[in-house]
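The values are calculated or read from the model by the stated rules, or taken from the named source; none is laboratory data. No experiment lies behind these values; they were computed from the predicted model shown. Cβ placement follows ideal geometry from the backbone for every residue including glycine, while neighbour counts extend to all protein chains displayed.
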Amino acid sequence: MKEEKKPVIIYGGSFDPPHKGHLALAAAALRQFEPSALYFVPGFRTPFKDFRPVPFAGRKAMLKAALAAAGLAGRPEVKISSFEARLGRVVYTYETLAYFRRLHPGAPLYFLLGSDCLAGFKKWRRWRSVLKCANLLAGLRPGHTPGRGVPFTALAGRFPRVASSDLRAELFLGGKPAGLHAPVLRLIEERGLYLGRERERLKKMIMPERYAHSLGSARLAVALAPALGVPAQQAALAALLHDCARDMAVPALVRYSLKNAPRTPRLRALIKEAPVLLHAWAGAERARVEFGIDDPEILEAIRLHATGAPGMGPLARLIYVCDLAAPGRAFAEAALVRKLACRDFNAAFLAANYVKLVYAFSGGGWVHPLSISLWNSLQEKKKG
Ligand SMILES: [Fe+2]
Ligand SMILES: [Fe+2]
């Protein structure tokens with residue numbers, strides 16, 4: 001009699017970071033199917049979508065830590081595959097399954113996924129080939145009804161939804177999400193992943209109150225980023241660093257600007273009339289040199305966070321608003337602009353420009369022409 005082969009389970013995902021939801025699903029699949037192998041297959045992450053994704057080695061280390069915490073380390077059938085990472089490009093599931101099919105001829109293949117992925121399954125590249133090659137295996141969330149017409153096997157049990165994107169947003173701000181195992185959190189801290197390294201360096205450059213303001217701006221920026229199509233990490237990083245030169249003493253700031261940011265618009269007038277404003281251009285330069293930021297959008301956002309300028313990009317507009325409206329700002333307009341930003345970002349941007357100009361004019365002194373140009377350009381837009 002022909003011996004029935006044991007199943008093989010493929011668990012694809014970004015695992016950025018691997019969380020308790022992933023491990024609960026894997027543990028249930030191991031219990032229910034007793035497979036000969038369960039492969040975690042961390043995918044390549046596109047820098048376009050993720051800005052600065054955690055490299056494969058970091059995600060593999062976190063996955064190992066999560067497996068140990070969940071009591072799955074050391075089981076010979078549990079493996080981490082570098083198949084997709086080795087290719088260094090986006091790999092479609094049908095390609096991954098074809099690879100494992102060759103590796104395990106004759107064994108029933110199962111592709112493990114969260115039930116929320118089922119709804120969009122028919123949009124996957126060559127989804128029919130996926131179904132031909134493997135059975136889908138899904139863990140259902142309480143109260144969740146999966147998409148119709150996609151055959152799948154449900155894992156026994158109910159699985160809470162934990163989204164990696166929510167965890168990342170929390171991690172960028174230095175949070176310790178409950179959805180992660182403690183050893184994973186420790187590893188993130190040790191390696192300075194998810195902007196940990198940048199936050200530590202920033203803390204040494206600015207006063208504690210300033211750091212709290214930067215963190216508050218970043219919290220707001222991360223919350224508003226999806227509506228503007230800005231990646232959360234890019235928003236968090238720009239907001240964290242926007243005031244990195246704000247606590248330099250004026251003489252040092254002037255010296256620094258003359259030497260390192262000589263193309264600051266209206267440099268001489270700034271030095272004479274409003275030297276503190278130099279921190280925006282000096283900050284962009286420090287972000288570039290001391291934090292290795294080469295992203296032009298982040299540098300633009302830091303440069304223009306105080307004055308604004310016509311034609312700012314979405315990230316620069318976001319940071320301009322979040323700097324003014326960050327939680328913890330002492331003036332009443334901050335809370336109003338913050339509330340408005342959640343409903344209508346463009347209106348909040350206009351309001352932020354107004355509040356900043358009123359503040360500048362009420363001082364009775366010189367106002368940077370970029371701020372006035374921004375005001376005029378927004379008025380023209382309103383009429384046009
Ligand atoms: Fe500032
Ligand atoms: Fe600020």
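Where in segment 6-80 are there helices (runs of 4 or more DSSP H), lying wholly inside it, with at least 3 residues that are under 26 Å from LEU103 (Cα atoms)?
Numbers: elements: 20-33, 47-50, 56-69.
Those helices (runs of 4 or more DSSP H) span 20-33, 56-69.
Could you go through segment 256-269 and let me know if any residue there is within 16 Å of ligand 2 (Cβ to nearest atom) and touching a residue at least 12 places away in the same chain (Cβ under 8 Å). Quick ask: steps written out before the conclusion?
Filtering segment 256-269 for residues within 16 Å of ligand 2 (Cβ to nearest atom) gives none.
No; the residues of segment 256-269 include none that is within 16 Å of ligand 2 (Cβ to nearest atom) and touching a residue at least 12 places away in the same chain (Cβ under 8 Å).
Name the single residue, out of those in segment 299-323 being within 15 Å of ligand 2 (Cβ to nearest atom) and closer than 23 Å to LYS204 by Cβ, that is farthest from the chain's Cα centre (by Cα).
Result: ALA306.
Does ASP295 qualify as being over 19 Å from VAL337 (Cα atoms), within 15 Å of ligand 2 (Cβ to nearest atom) and out of contact with any strand residue (DSSP E or B) (no Cβ under 6 Å at 6 or more places or on another chain)?
Taking the combined requirement at face value, the residue does not satisfy it.
Residue under question is PRO151, and the condition is that it be away from ligand 2 (no atom under 16 Å from the Cβ), in the same structural domain as THR93 (by TED's automatic domain parsing) and in a helix (DSSP H, G or I); does it hold?
Details: away from ligand 2 (no atom under 16 Å from the Cβ): yes; in the same structural domain as THR93 (by TED's automatic domain parsing): yes; in a helix (DSSP H, G or I): no.
Spelling it out, it is not the case that PRO151 is away from ligand 2 (no atom under 16 Å from the Cβ), in the same structural domain as THR93 (by TED's automatic domain parsing) and in a helix (DSSP H, G or I).
Hey, which of the helices (runs of 4 or more DSSP H) in segment 307-384, taking only ones fully inside, have at least 1 residues that are more than 21 Å from ARG219 (Cβ to Cβ)? I'd like the intermediate steps shown before the answer.
On the way: elements: 314-325, 332-343, 345-362, 369-383.
Fully inside segment 307-384 and qualifying: 345-362, 369-383.
Picking from ARG338, ARG329, ARG288, which residue would you name as being more than 16 Å from ligand 2 (Cβ to nearest atom) and within 19 Å of HIS242 (Cα to Cα)?
Details: ARG338 fails: more than 16 Å from ligand 2 (Cβ to nearest atom); ARG329 fails: more than 16 Å from ligand 2 (Cβ to nearest atom).
Exactly one of ARG338, ARG329, ARG288 is more than 16 Å from ligand 2 (Cβ to nearest atom) and within 19 Å of HIS242 (Cα to Cα), namely ARG288.
So is ALA282 within 27 Å of PRO327 (Cα to Cα), within 12 Å of ligand 1 (Cβ to nearest atom) and in contact (Cβ under 8 Å) with a residue 24 or more places away in the chain or not? Give the derivation first.
On the way: within 27 Å of PRO327 (Cα to Cα): yes; within 12 Å of ligand 1 (Cβ to nearest atom): yes; in contact (Cβ under 8 Å) with a residue 24 or more places away in the chain: yes.
Taking the combined requirement at face value, the residue satisfies it.
Please pick out the residue among LEU171, LEU187 that is assigned to a helix (DSSP H, G or I) and within 17 Å of the chain's Cα centre (by Cα).
Only one candidate passes the filter, namely LEU171.
Go through segment 18-40 residue by residue and tally those that are over 15 Å from PHE159 (Cβ atoms) and of a type outside the set (Gly, Ala, Ser).
Going through segment 18-40 one residue at a time, the tally reaches 6.
Which of the residues spanning segment 103-123 are under 19 Å from PHE40 (Cβ atoms) and at pLDDT 85 or above? Explain how you work it out, then say what you get.
Residues of segment 103-123 under 19 Å from PHE40 (Cβ atoms): 103-104, 107-117.
The answer is LEU103, HIS104, ALA107, PRO108, LEU109, TYR110, PHE111, LEU112, LEU113.
Would you mind stating whether ALA269 is part of a helix (DSSP H, G or I), away from ligand 1 (no atom under 12 Å from the Cβ), surrounded by fewer than 21 Cβ atoms within 10 Å (Cβ to Cβ) and of a type in the set (A, V, I, L, M)? Write out each step before concluding.
Details: part of a helix (DSSP H, G or I): yes; away from ligand 1 (no atom under 12 Å from the Cβ): yes; surrounded by fewer than 21 Cβ atoms within 10 Å (Cβ to Cβ): yes; of a type in the set (A, V, I, L, M): yes.
So ALA269 passes the test.
Which of (1) touching a residue at least 24 places away in the same chain (Cβ under 8 Å); (2) out of contact with any Pro (no Cβ under 9 Å at 6 or more places or on another chain); (3) closer than 28 Å to ARG343 by Cβ; (4) assigned by TED's automatic domain parsing to the domain that holds ALA341 is the odd one out, the single condition PRO226 does not satisfy?
Single failed check for PRO226: (1).
Output the number of the condition that GLY311 fails; it satisfies all remaining conditions of (1) surrounded by fewer than 17 Cβ atoms within 10 Å (Cβ to Cβ); (2) under 20 Å from PHE51 (Cβ atoms).
(2)
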